[in-house]
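Structure record follows, encoded as structure tokens.
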Amino acid sequence: MTREAQRQVAEGEESPLYIDELIKGRRTKRGFTNKPVPIGLVKDILSISKFAPSSSNTQPWRCHVLTGKGRERVVAAAVQAFNRDHETMAPEYPFFPEPLHEPYLTTFTKFRGQLGDAQGVERSDKVGRRRDVARQFMFFDAPVGLIFTMDRRLVPASFLCYGIFLQTIMLAAKGRGLDTCPQQIWSLQYPVLRKELGIPESDLVVAGMCMGYADNSLPENNMTLDKVEPETFAKFIDV
Ligand SMILES: Cc1cc2nc3c(=O)[nH]c(=O)nc-3n(C[C@H](O)[C@H](O)[C@H](O)COP(=O)(O)O)c2cc1C
């Protein structure tokens, strides 16, 4: 937070600056330092995130917090499963339609290319790419990993609520100096997570999340991504 934003918050001035800075400042980070995150800070973030809105206040979220030995155990099992089964692993729910159509295919391909370039992996280097995917299951070295589940009888409307909840967590974390990476990819690890965390069959693995202090010396933590302008995604009626 800038000094100016801090001053405005302290003085209770009406200004969107602080929230705007958090929204813009939250970026997906794929590499973290080993600076520990006090568990009290994680509890604090979850306590404030409970105020996220949800359809008819249903609050469909369930969360497993992984730190220390618990995190190590899950990471070891997940990396082992990935190295063994990477060719056959599938998520519990589809991430994209198959085949992916335009304009999403172009943005998807561009983003993957940018990420690979930042990570220094050639597009043809399958082993290098696999190694980078395995790092997802190490929570990119973040000391805190979160696994999110949801009662599978719920319908897509609850995914809307879930997305808002995840963003609320990420902003609350950013406001406390922490960085995050939301990770749908953990849905591929549902058999491991079910076993290691005792997640019942009745629950769907929605996503994971890294939380920690980003290593901002890494190129992949400094990517400039295209963001579509409101002139393109919004229609202003009768203005
Ligand atoms: C629902 C959701 C799932 C995501 N899953 C992953 C993931 O599995 N792995 C990953 O590295 N990034 C994941 N991301 C991060 C996106 O790639 C990232 O948000 C996007 O590229 C835009 O970058 P930004 O967050 O820095 O603005 C996910 C983001 C969202 C919203």
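Just so it is clear, none of the values below were taken in a lab; they were calculated from the coordinates. Here the structure is a predicted model, which is why all the values come from computation and not from measurement. Every residue, glycine among them, receives a Cβ derived from its backbone with ideal geometry; neighbour counts consider all protein chains shown.
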Unit-weight point scatterers at every alpha-carbon of the stretch 152-218, Debye formula, q = 0.14, 0.15, 0.27 1/Å: log10 I(q)/I(0) is -0.53, -0.60, -1.17
Taking N as the number of residues in the chain, the ratio of its alpha carbon radius of gyration to 2.2 N^0.38 Å works out to 1.07
How much length, in nm to one decimal, is gained on full extension between Asn222 and Asp238, taken as 0.36 nm per residue of separation minus their Cα-Cα distance?
1.8 nm
Order these peptides, 142-149, 226-233, 179-186, by their mean beta-carbon neighbour count within 10 angstrom, highest first.
142-149, 179-186, 226-233
Using label points projected 7 Å from each Cα along Cα→Cβ, tell me how many nm separate Asn57 and Tyr93, to one decimal.
2.4
With each label point set 7 Å from Cα along the Cα-Cβ vector, what nm distance links Lys69 and His101?
5.2
Which order, highest average first, do 44-57, 98-111, 27-40 follow once you tally other Cβ atoms within 10 Å for each residue and take the mean per peptide?
27-40, 44-57, 98-111
For the stretch 72-96 and the stretch 109-164, what is the separation of their Cα centres, given in Å?
11
Leu197/Lys126 FRET efficiency (R0 22 Å; Cβ-Cβ; nearest 0.05):
0.15
Unpaired by the 4.7 Å Cβ criterion, cysteines found in the chain:
Cys63, Cys161
Hey, fewest Cβ within 10 Å first, where do Cys63, Cys210 land in order?
Cys63, Cys210
Restricting to Cα pairs under 8 Å and 6 or more apart, the percent relative contact order of the stretch 29-223 works out to 41
